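Readers should treat all values here as calculations from the given coordinates under stated rules, not as data from a laboratory. The structure presented is a predicted model; accordingly, all values stated were derived computationally and were not measured. Glycine also receives a Cβ, built like all others from the backbone with ideal geometry; neighbour counts cover every protein chain displayed.
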Amino acid sequence: IPSFGRETIRRFSNNVSELKQLAARDYEDLLQCAIPVFDGLLPEPHNTSILSLLYTCGEWHGLAKLRMQTDSTLQLMTNETTQLGNRLRHFADVTCEAFDTKELRREVAARNRRQGQNQPQQPIQSSEVGPSPGARQRKYHLRTIKHHFLGDNVNHIRRFGTTDSISTE
């Protein structure tokens, strides 16, 4: 997907899964471009499920980013947060379970490096080599702090104001 405008959507790598140290603006750009990229990538009903999730994420992000909130926009955001939670649970329980996902190459390499550092140095006594640790199965789960705090965003805005007053973006 090409860049758009001077400062609207910046150019990003062809292999987004290999990107590291992304800033908030990078995630925002990826979210804005994700729907046409994912459309038709997976078979039905998973295609519709992912597109609905991405659209809901975009709506929620748009509401969360408003610089001025009213009671009606906060109510919309409350409803959208509920919808986002429902779609995330459906994604985790149905869509993700339908696919066998594995670690990325860089995750395997990092794990192997960590395991190599943790093992004591011993002289090699035989030519037998243990099994090469490959990519492990990865499952998507909602047990993260980011997912947990999504539901607190509306109360946070009511209590402290909009995020533009505290954001570093």
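Model label sites at L19 and D152, defined 7 Å from Cα along the beta-carbon direction, differ in position by 2.7 nm. In a fully extended conformation the segment linking Q32 and T70 would gain 11.2 nm over its present Cα-Cα distance, using 0.36 nm per residue.
On full extension, the segment bounded by K102 and D39 gains 20.5 nm, given 0.36 nm per residue less the C-alpha separation.
Counting only lysines at least 8 places from K102 when in the same chain, those with an alpha carbon closer than 25 Å to its own are K20, K139, K146.
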